[in-house]
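Notes follow the structure.
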Amino acid sequence: MKALPLSLLLLSGAALADDASILKCRTLADTGARLACYDAIQVGARPQVAAAPAAAPARSREENFGIEAKKQRESEPQSISSTIAGDFQGWGPSSQIRLANGQVWRIVDGSEAVLAPMRNPRVSIERNVFGTLFLKVEGTNSSAKVRRVQ
């Protein structure tokens, strides 16, 4: 008894057909034409797969920095440098900081820092051994855990 269901299971894998072809045959009203259509389907043939869409234009490694993707992280630099355009006096929990390169980073560790007023301070975003990203403001001992939001 168990041999029959097992043999049917093994045979069912060999009887693959293109779903689009089957659906096309179903629409035929004439019995002879429908049968001929089904007979013309190649059994075991892989269905036709549409061509993959064109890949998006490649972005530089620095433009992708901080956008989390496992494979991408391996090819990213360990840090980037930029400036914060304009006046800067520190941050609070969940603050968003826009860098001169257009990237926007959010403070995610709940920290806050009150700094002496600065104009266009240089900053770096650095990845530690565990992959965590930290914003460091040049000339201070202040840093915060950040996540890129844009």
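Largest accessible area first, the listed residues T132, T27 line up as T27, T132 when surface is computed with a 1.4 Å probe on the assembled protein chains.
Take E126: with every protein chain present and a 1.4 Å probe, its accessible area is about 60 Å².
Rounded to the nearest Hz, the phi-derived 3J(HN,Hα) couplings of segment 108-123 under the Karplus curve 6.51 cos²θ - 1.76 cosθ + 1.60 (θ = phi - 60°) are 10, 9, x, 7, 9, 9, 10, 10, 4, x, 10, 10, 6, x, 7, 9, where x marks glycine and proline.
Rolled with a 1.4 Å probe across the full set of protein chains, the surface gives S21 an accessible area near 40 Å². With both labels modelled 7 Å from their Cα along Cα-to-Cβ, the S95 to R147 distance reads 1.9 nm. Computed over Cα pairs, the Kirkwood radius of segment 87-146 leads via Stokes-Einstein (0.692 mPa s, 37 °C) to a diffusion coefficient of 280 µm² per second. Note on R147: accessible area approximately 120 square angstrom, rounded to 10, probe 1.4 Å, nucleic acids and ligands left out.
The values are calculated or read from the model by the stated rules, or taken from the named source; none is laboratory data. What you see is a predicted model, and the numbers here were worked out from it, not measured in a lab. Neighbour counts run over all protein chains shown; Cβ positions are idealised from the backbone, glycine included. Protein only, heavy atoms only, side chains kept; ligands, DNA and RNA dropped before computing areas. Shrake-Rupley method; radii C 1.70, N 1.55, O 1.52, S 1.80 Å.
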